[in-house]
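Input: a single structure, listed below in structure tokens.
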Amino acid sequence: MNAPLKNLETRLTAALAGRPRKLSFGASPRMRASLEGARDLAGNRRGMAEAERVAQGLMALRLQENPGFVRLKYACRGLARAADWDSRRMLTDRALVEKLLSRVAALKNDERRFQSCRRALLAALREADALPESSCQEGRAALRRFLE
């Protein structure tokens with residue numbers, strides 16, 4: 001959530017501080033509808049930023065030997081997504097999947113970073129399971145084995 005919306009939520013929560021316990025910001029349908037309307041007006045900037053970061057992470061994984069943690073995490077997240085520049089899914093490229101999984105496995109000593117990449121891989125697996133493409137079967141199997 002961007003800063004102005006967070007500020008609005010904080011102010012509304014403070015205004016409701018003396019009310020009955022179960023009433024808080026977002027508790028009523030009207031409050032939720034108002035916040036969703038404000039989000040629609042502000043635009044989903046976070047969503048656009050994620051798509052760009054995923055594309056950068058995938059490209060960095062393809063071009064660099066060590067793309068760095070942040071790009072690696074976003075590459076994990078975009079594993080099952082069609083890349084904008086060529087509409088291929090990284091999950092169909094066996095060498096890239098192995099490279100990604102080996103980079104994530106190298107993070108086992110850093111529990112926080114490893115778990116962050118693991119969560120991204122789990123989300124990618126959920127996306128991959130929803131794909132009807134048979135070309136992703138091998139990548140899906142490798143990803144499932146790694147996560148087990």
message = Show me the three semi-axes of the equivalent ellipsoid for region 100-148, from the C-alpha gyration tensor (sqrt of 5 times each eigenvalue), largest first, rounded to whole Å.
response = 22, 11, 7
message = Rounded, prolate or oblate, given the Cα gyration tensor of region 44-134, with a/c below 1.5 counting as rounded?
response = rounded
Point-to-point label distance, Thr92-Ser34, nm (Cα→Cβ direction, 7 Å offset) = 4.9 nm
task = Select from Ala120, Ala95, Ala82 the residue farthest towards the positive end of the dipole of region 72-126; place +1 on Cβ of Lys and Arg, -1 on Cβ of Asp and Glu, and compute about the Cα centre.
result = Ala120
key: In Hz, Karplus ³J(HN,Hα) per residue of region 60-71 (6.51, -1.76, 1.60; θ = phi - 60°; x = Gly, Pro)   = 5, 5, 6, 9, 10, 5, 10, x, x, 4, 4, 5
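Every read-out reported here was derived from the displayed coordinates using simple, explicitly stated rules and does not represent laboratory data. These numbers come from a predicted model, not from an experiment. Cβ atoms come from the backbone with ideal geometry, glycine included; neighbour counts cover every protein chain shown.
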